[in-house]
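Okay, so here's the structure we're looking at.
What follows draws every value from the coordinates through simple rules; no lab data is involved. Since this is a predicted model, take the numbers as computed values, not measurements. Counting neighbours? That spans all protein chains shown, and the Cβs are built from the backbone with ideal geometry, glycine included.
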Amino acid sequence: MKAYLYISMTIVLVHYVLSEINIRVSGEIEKKLIASDQRLDELVYRVVNTRKILEKMDKKRKEKMNMIKWITKLMDDNDDDGQWKSNKKFKCGNSVEYIFPFSVCDGIVDCDDGSDEDNSTTCVNPVIEGSVWKGLPIYNKCNSDTCQNVVITILSTRRPHWFSAYIQIKARLEIIRILENKETRVETSTIVGAYSFGTQSLFMHTWKTMSNRIVLLAQFDGIYSDMCHGYQVHDTTMRTCAEYKFFRQS
């Protein structure tokens, strides 16, 4: 009888111990499964986030390449008579040395006299944020309308570290036109572009929302930073169809 009781108690004890072990093992396994799920969720998040970052980087890369191609086109396609002209190369001070505009104000001295990195003259941006420029027409052959005034307000400027020889610009353009029937029409648009330190030129994107798709360009003389010559150029032929004299109002 005692032996039977002893065996029964032993069986109960073993069953209890096995139950406790099973509970603990199950709990540990469950914790590990939960931890694995959390790590998997974190990994999925990182993969998705990395994909978004790569897509954003690819978009920026394409924007950079488009900007470089656009500026290069403006610099290369304006040699014929009667077309917009810009300084092709940067002249180093009073010497006979010339360098490529992309190398001006890029943080690396290329001219022997250091004039390509002079922060008091060469690398000064005349079209600062908040400045207002009023353009008075010299002639206009772009269309049958008569352009009276052009006002450009610089909304923002940004100098990208990957292309420091240029400053990206966003501006508001206001243009007043007198139509053939003598009516006045005011058009407003947001335009973007870039200022080149090497050529002292301002390139503004096509006026997509306006009646005539043209490009606005401006050339500074390197002496007077509060005035410049402006030009309207057809975005396809790159031929100049209007000329302005711009003065900074503020």
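Report, by chain and number, residues whose modeled amide H sits under 5 Å from the one on SER131, excluding near sequence neighbours (fewer than 5 apart, same chain).
Residues meeting the amide H criterion: ILE154.
Using DSSP to define loop residues, name the trypsin sites (Lys or Arg not before Pro) in the stretch 116-205 whose beta-carbon has at most 15 other beta-carbon atoms within 10 Å.
Answer in residue order: LYS141, LYS182.
Among the listed pairs LYS56/LYS245; LYS59/LYS170; LYS59/LYS141; LYS52/LYS170, which are separated by more than 30 Å between their Cα atoms?
Beyond 30 Å: LYS56/LYS245; LYS59/LYS141.
Any idea how far apart LYS170 and VAL96 come out in nm if each label point goes 7 Å out from Cα toward Cβ?
About 4.7 nm separates the two model spin labels.
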